[in-house]
1. For region 71-121, state which trypsin sites (Lys or Arg not before Pro) are in a DSSP loop and have at most 16 other beta carbons lying within 10 Å of their beta carbon.
2. As an exercise, use a Förster radius of 25 Å and the Cβ-Cβ distance of Gln80 and Glu123 to find the FRET efficiency, rounded to the nearest 0.05.
3. Please report the net charge: other residues with Cβ closer than 14 Å to the Cβ of Ser147, K and R +1, D and E -1.
4. Ignoring everything but the protein chains, give the 1.4 Å probe accessible area of Leu132 in square angstrom, nearest 10.
5. With +1 assigned to the C-beta of every Lys and Arg and -1 to the C-beta of every Asp and Glu, and no other charges, what is the dipole magnitude of region 62-103 about the Cα centre in debye, to the nearest 20?
6. Let me check something: with ligands and nucleic acids excluded, how do His66, His30 order by accessible area (1.4 Å probe), largest to smallest?
7. Using a cut-off of under 15 Å, list every residue of region 74-105 whose amide N is near the label point 7 Å from the Cα of Ser147 along the Cα-to-beta-carbon line.
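The values are calculated or read from the model by the stated rules, or taken from the named source; none is laboratory data. Keep in mind it's a predicted model, so treat the numbers as computed, not measured. Neighbour counts run over all protein chains shown; Cβ positions are idealised from the backbone, glycine included. Note: accessible area is taken over every heavy atom of the protein model, side chains too, but ligands, DNA and RNA are not part of it. Shrake-Rupley method; radii C 1.70, N 1.55, O 1.52, S 1.80 Å.
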Amino acid sequence: MFGRSKTALAGTLLLFGCGVGGAAQKALDHALQSLRDGDLRAAEASAERAAARGGPEYAALRDFLHGNVAFVRCVEAGRQASTPAAEPFAWDVALLYGRKARDLWQRAAVSRADWPAARRNVERALLKLEELEQEKADAEDRRRRASDPQPRPQPLPKPRQPEPDPEQGPPDGPQLKELGREQVLQLLEKLAQKEREKLALRRSQREAGTAGVEKDW
């Protein structure tokens, strides 16, 4: 992908540089050679010198070349972000370079009526940004699943006792209920009263029986 961008850039420089000599063209040629050699800082610096010496025409070519440099850094940052040891923010670095490349190529594309190479590079940047966004989302999902603890089994709920139906009355069988101290004393008093009543009844029955028996002396 980047090789095609450099080829398109070289053709543009050759066509645009016809009849233009001097320090601006020399600086631009040096920028292109530095880009081919992978010296991105030197490529940026030489493109800036070309724009400063050659005017608006070379400023557009500078933007185009700077877009290529940003795209190379975007690809490299995306490759580093995909490694297991990469920090989560590494994806943001790649996206930042991708957006920079897109903006520079867009600025170059609108600098003239038609610049097919610049327009194609804008499309490349948009596709790359979409790819990086998806890779970032996938990495965040994997990180979230790896950090979440394993779900623990929840205890089974205790079976609820059925509530009594008020229309059916109290349930069968003795109903045990804890009594308070006062209630216990009252109950004992009632039992003692019943025992006294029984004794009194028996005594009266014996006395009545004795009175009806005739004595023989």
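1. Qualifying residues, ordered by number: Arg112.
2. Efficiency at R0 = 25 Å is approximately 0.55.
3. Working: positive: Arg142, Arg143, Arg144, Arg145; negative: Glu140, Asp141, Asp148.
Summing Lys/Arg as +1 and Asp/Glu as -1 gives +1.
4. It works out to around 0 Å².
5. My answer is approximately 140 debye.
6. Per-residue accessible area, sorted high to low, gives His30, His66.
7. Output list for this probe position: 86-91.
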